[in-house]
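Notes follow the structure.
The values are calculated or read from the model by the stated rules, or taken from the named source; none is laboratory data. The structure presented is a predicted model; accordingly, all values stated were derived computationally and were not measured. Here the Cβ positions follow ideal geometry from the backbone for every residue, glycine too, while neighbour counts run over all protein chains shown.
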Amino acid sequence: MMRNPDGGVALAVRKPDGTIATEYTVQKSRARKGTFLGLPVVRGVVAFVESLVNGMQMTTHAADIYAGGTGEQEEPTKFEKWLASKLGKDAGDIAMGIAVVLAIILALGLFVFLPSFLLQLIPWGDSVPNIVRSLVEGVVRLLIFLGYVAGISCIKDVKRLYQYHGAEHKVISCYEHEAELTPESAIKYSRFHARCGTNYLFLVMAISILFFACLPYSSNFFLRVLTRLVFIPLVAGISYEVLKACAASDSLIARIVRAPGLALQRLTTREPELDMLEVALAAFHLAMNNGKMPEPPMEETQPSMEEGSATDFTHPSMEAETECGGKMPDATIQEE
Ligand SMILES: [Zn+2]
């Protein structure tokens with residue numbers, strides 16, 4: 001999956017018969033300039049929620065396209081049909097809504113409740129300053145996060161997802177180095193990329209450690225969890241602004257901000273196979289040409305690259321994105 005600065009999302013899926021299915025949709029963000037949702041910090045929260053919802057929609061949709069080839073389309077369950085008729089909404093939307101809610105509950109359970117709960121178990125002496133307790137909680141949260149990201153890569157499908165993530169980065173690097181856009185050429189490039197959603201996730205973790213360390217500490221478990229819940233959107237919003245400020249810069253501070261995220265990509269990407277790079281290239285061409293190339297012929301990659309650079313893509317802000325990575329503020333380079 002690749003995004004272009006116009007809000008276009010290109011999806012490419014390898015079907016069971018070996019062919020590549022592609023699809024292009026335009027998703028306009030609600031965080032428009034001049035509106036409340038477009039205000040600094042608020043827009044980061046909007047981007048965070050939108051990337052979560054869009055990411056899950058796209059992953060499910062990719063699975064649908066894959067299943068479409070084998071005729072194994074999933075039927076809505078009885079409960080989903082009942083709920084759909086009650087609420088007057090599509091059964092697919094309802095299933096997606098439930099999936100998003102479950103994902104949020106899982107994330108809050110792992111990264112908010114669990115660290116706070118574990119902190120309760122530590123026999124703190126009275127002399128331990130509160131700021132130390134908050135920092136320990138933050139570090140515990142970070143360790144759970146890293147363990148989770150590394151742990152799920154043991155699942156075969158997640159490992160493939162991470163490989164595709166690596167393929168996306170390689171294709172974009174290959175393009176940025178103006179090299180020939182073929183799988184054989186792209187595989188030589190790094191699977192780590194400075195503009196990756198992984199960086200955003202890590203920054204949210206890092207800033208939340210500092211932020212919550214500054215808040216007054218409460219020994220009441222529920223009060224502590226509640227403050228975390230209330231301030232998470234603010235932390236996500238601030239992180240977005242920090243990342244946006246650093247996106248176009250190559251200063252020392254910008255590189256320091258990006259460094260942990262790049263390191264984290266050792267977990268969220270894997271070395272891809274050539275056939276995965278072919279899929280990433282299909283999505284890339286589609287995004288690059290604003291969806292005008294429904295079935296990009298792989299042999300003619302060279303002319304289409306020329307086509308791309310002839311238009312306004314001299315400073316590409318193409319963004320590779322997978323569900324695991326969340327979303328970086330794309331289009332940042334072109335906006336300002
Ligand atoms: Zn990425």
Note to self: I'd like the residue in the stretch 188-209 that is touching a Lys or Arg at 6+ places or on another chain (Cβ under 8 Å) and within 13 Å of the ligand (Cβ to nearest atom) and, out of all such residues, is modelled with the lowest pLDDT.
What the structure shows: G197
Checklist line | Check on A179, hydrophobic (A, V, I, L, M, F, W, C), away from the ligand (no atom under 16 Å from the Cβ) and closer than 27 Å to L286 by Cα | finding: yes
Next item on the list: Would you check which residues across the stretch 250-280 are within 22 Å of R160 (Cβ to Cβ) and more than 16 Å from the ligand (Cβ to nearest atom) and list them?
Entry: E273, L274, D275, E278
Check: Any idea which residue in the stretch 156-176 is farthest from the ligand (Cβ to nearest atom), counting only those that are more than 30 Å from L108 (Cβ to Cβ) and of a type in the set (D, E, K, R)?
Finding: E176
Margin query: Tell me the residue from M276, M305 that is modelled with pLDDT of 90 or more and either out of contact with any Ser or Thr (no Cβ under 8 Å at 6 or more places or on another chain) or outside any loop (DSSP other than H, G, I, E, B) (or both), please.
Written below: M276
Check: Before we move on, is S239 among the hydroxyl-bearing types (S, T, Y), more than 19 Å from S190 (Cα to Cα) and surrounded by 20 or more Cβ atoms within 10 Å (Cβ to Cβ)?
Finding: yes
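Let's see how each residue does on (1) in a loop (DSSP other than H, G, I, E, B); (2) more than 27 Å from R133 (Cβ to Cβ); (3) touching a residue at least 24 places away in the same chain (Cβ under 8 Å):
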{"position": "Y175", "(1), (2), (3)": "no, yes, yes"}
{"position": "E184", "(1), (2), (3)": "no, yes, yes"}
{"position": "S190", "(1), (2), (3)": "yes, yes, no"}
{"position": "R195", "(1), (2), (3)": "yes, yes, yes"}
{"position": "T198", "(1), (2), (3)": "no, yes, yes"}
{"position": "L201", "(1), (2), (3)": "no, no, yes"}
{"position": "V204", "(1), (2), (3)": "no, no, yes"}
{"position": "I207", "(1), (2), (3)": "no, no, yes"}
{"position": "P216", "(1), (2), (3)": "yes, no, yes"}
Item checked: Where S249 falls short, out of the listed (1) surrounded by 13 or more Cβ atoms within 10 Å (Cβ to Cβ); (2) outside any helix (DSSP H, G or I) -> (1)
Next item on the list: Within the stretch 105-140, track down each residue that is surrounded by 11 or more Cβ atoms within 10 Å (Cβ to Cβ), free of Cβ contacts under 8 Å to residues at least 12 places away in the same chain and either part of a helix (DSSP H, G or I) or touching an Asp or Glu at 6+ places or on another chain (Cβ under 7 Å) (or both).
Entry: I105, L106, A107, G109, V132
Next item on the list: Might you check whether a residue that is surrounded by fewer than 17 Cβ atoms within 10 Å (Cβ to Cβ) and not hydrophobic (A, V, I, L, M, F, W, C) occurs anywhere in the stretch 194-212?
Entry: no
Note to self: Take the conditions acidic (D, E) and under 23 Å from R3 (Cα atoms) and apply them to D17. Does it pass?
What the structure shows: no
